[in-house]
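Report on the structure given below.
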Amino acid sequence: QVQLVESGGGAVQAGGSLRLSCAASGGIGSIPAWAWYRQPPGKQRELVASMTSFGITNYADSVKGRFAVSRDNAKKTVYLQMNSLKPEDTAVYYCNMNALGFNYWGQGTQVTVSS
């Protein structure tokens with residue numbers, strides 16, 4: 001079965017950077033689409049960034065210019081490079097993979113940005 005394993009979260013000071021990884025295991029026979037969501041404390045989950053199977057990316061306005069999605073199709077891994085982090089970026093970040101119309105979720109990784 002397909003599983004997504006996230007890593008790279010942690011605590012940083014405002015202005016710092018983190019790089020999240022999300023690696024898929026299991027039978028994936030095609031190039032998937034990816035997305036990153038986050039859920040700040042006390043708030044609803046929100047879409048942060050996405051990448052289609054063709055590599056086209058979209059970003060929420062709140063992170064545009066600071067975050068970047070990339071992927072390694074051979075490793076079946078998607079990354080979220082987060083720069084110029086702000087306290088409001090504090091959240092649990094979840095990766096999502098869509099393969100052949102099925103959605104899979106990572107376990108979530110905590111990102112805490114202090115001022």
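The values are calculated or read from the model by the stated rules, or taken from the named source; none is laboratory data. Only a predicted model underlies this, so the values are computations on that prediction, with no experimental measurement involved. Cβ: placed from backbone, ideal geometry, glycine included. Neighbour counts: every protein chain shown. Each accessible area value is taken on the protein alone, full model and side chains, heavy atoms only, with ligands, DNA and RNA left out. Shrake-Rupley method; radii C 1.70, N 1.55, O 1.52, S 1.80 Å.
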Subject >> Among 98, 73, 58: highest mean-square fluctuation, GNM of the chain, C-alpha pairs under 10 Å >> reply: 73
**OP:** Quick one: compute the contact order of segment 1-112, relative version, from alpha carbon pairs under 8 angstrom and 6+ residues apart, as a percent.
**Re:** 35 percent
Subject >> Estimated vicinal HN-Hα couplings, Hz - segment 22-28 in sequence order (Karplus 6.51, -1.76, 1.60; Gly, Pro = x) >> reply: 9, 10, 9, 10, x, x, 10
Original post:
Where only protein heavy atoms count, and the probe is 1.4 Å, what is the accessible area per residue for the chain in Å²?
Top reply: 53 Å²
Subject >> Scattering curve values for the chain, log₁₀ I(q)/I(0), Debye with Cα scatterers, q = 0.17, 0.22 Å⁻¹ >> reply: -0.75, -1.21
Original post:
Considering only protein heavy atoms, what is the solvent-accessible area of residue 75 at a probe of 1.4 Å, reported in Å² to the nearest 10?
Top reply: 130 Å²
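In whole percent, how big is the carbon plus sulfur part of the accessible area of segment 1-64, probe 1.4 Å, protein atoms only?
Answer for segment 1-64 is 49 percent, counting heavy atoms of protein chains only.
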Subject >> Dipole magnitude of segment 41-115 about its Cα centre (Cβ charges: Lys, Arg +1; Asp, Glu -1), debye to nearest 20 >> reply: 120 debye
Subject >> Segment residue 75-residue 7, length gained on full extension (0.36 nm per residue, minus Cα span) >> reply: 23.0 nm
